[in-house]
Amino acid sequence: MDGDVNAMKNDFFGDGKFYSPAGTAQEVGFIAEVLGLPGGSAILDLYCGYGRHAIELAKRGYRVTGVDATEAFLSIAGQKAAEEGAEVNFRLLDMRELDYDGEFDAVINMFAAFGYFSDEENAAVLGKVASALRPGGLFLIDLLNRDWMGRNNLNRYWRHPSGEYVLSYKVELQRGVAMMKRVLLNQVTGAKLQNDFVLRAYSLEEMTTLLASCSLTVKAKYGAFDARPYGPEDPRMIILAEKA
């Protein structure tokens, strides 16, 4: 399930083979700007995937730890970091098993990598994030905007430039829970891989309450990586919170 979670959230927003270096540069610029941390600060990239953000942040002079539950992704991330001369501490770990204690100035959780467990487990993850932060530490979480999801068609379809692969998503939102069906079709061999996912999509009010229960206070809300203020028409809900 955990590997599929990362694959889903990466592909849904266009990561991996569907993503561009320019997009990564914009996202990392946004992350660095809103965190406002000096060089040498310790940052945890929670569910770092292929390491896009972790590597670029390390190249900017931050001390970065990248955690993910998918060994294959971390292998790719490690290779990329070595190729680009970036020093990142990658660690294989389920987010529900985070065991850090006041070690980080910031934790980032990007591209809808939160909400794939029960409500109790999701809340416990936020508690572990708070524990990982130093007092005054920052938590930046990037979520799907549930209000926007309820009013828009979320089905997605991509074709790889080679024409070999086709990837499609069918998404239905019911009472705050998104049911997602992913189909990957190899048009050369005819091989078909289908995965189903369940994502708990939280409202802004729910997230604010959850964060507050972990001593994390919302400082700012954004609707995109251009730092626009969050609004109901934005597909994203990016929240910056601070540990009391």
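The values are calculated or read from the model by the stated rules, or taken from the named source; none is laboratory data. Keep in mind it's a predicted model, so treat the numbers as computed, not measured. Here the Cβ is made from the backbone with ideal geometry for all residues, glycine too, and neighbour counts use every protein chain on show.
Filtered by the rule that a residue be loosely packed, with under 15 Cβ neighbours inside 10 Å and of a type in the set (Val, Ile, Thr), segment 193-220 gives 198, 209, 217.
Quick one: in segment 86-133, of everything that is hydroxyl-bearing (Ser, Thr, Tyr) and closer than 15 Å to residue 202 by Cβ, which residue is nearest to the chain's Cα centre (by Cα)? Looking at residues that are hydroxyl-bearing (Ser, Thr, Tyr) and closer than 15 Å to residue 202 by Cβ, I get 116.
Consider segment 114-138 and keep the residues that are in a strand (DSSP E or B) and in contact with a Lys or Arg (Cβ under 7 Å, 6 or more places away or on another chain). The one that is farthest from residue 236 (Cα to Cα) is 135. The C-beta contact set for segment 50-71 (first residue closer than 15 Å to residue 26 by Cα and assigned by TED's automatic domain parsing to the domain that holds residue 96, second residue in a loop (DSSP other than H, G, I, E, B) and among the acidic types (Asp, Glu), distance under 9 angstrom, 6+ apart or interchain) comprises 52/15.
Residues of segment 67-124 that are among the polar types (S, T, N, Q) and closer than 16 Å to residue 48 by Cα: 70, 75, 79, 89, 109. Assigned by TED's automatic domain parsing to the domain that holds residue 114, surrounded by 15 or more Cβ atoms within 10 Å (Cβ to Cβ) and in a helix (DSSP H, G or I) - does that describe any residue in segment 221-242? No - not one qualifying residue is present in segment 221-242. Scan segment 209-244 for residues that are more than 30 Å from residue 25 (Cβ to Cβ) and under 19 Å from the mean Cα position of the chain (by Cα) and the total you get is 1.
The set of residues in segment 23-73 being small (Gly, Ala, Ser) and part of a loop (DSSP other than H, G, I, E, B) consists of 36, 39, 40, 41, 49, 51, 61, 69.
Residues that are assigned to a loop (DSSP other than H, G, I, E, B) and on the phi > 0 side of the Ramachandran plot are absent from segment 90-99.
Residue-wise test of (1) within 15 Å of the chain's Cα centre (by Cα); (2) farther than 13 Å from residue 106 by Cα.
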residue: 31; (1), (2): yes, no
residue: 37; (1), (2): no, no
residue: 40; (1), (2): no, no
residue: 47; (1), (2): yes, yes
residue: 66; (1), (2): yes, no
residue: 69; (1), (2): yes, yes
residue: 73; (1), (2): yes, yes
residue: 81; (1), (2): no, yes
residue: 84; (1), (2): no, yes
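Annotation note: Cβ proximity below 7 Å between a residue of segment 111-132 that is in contact (Cβ under 8 Å) with a residue 60 or more places away in the chain and a residue that is assigned to a helix (DSSP H, G or I) and aromatic (Phe, Trp, Tyr) (sequence gap 6+ or interchain) occurs for 111/13; 112/12; 112/13.
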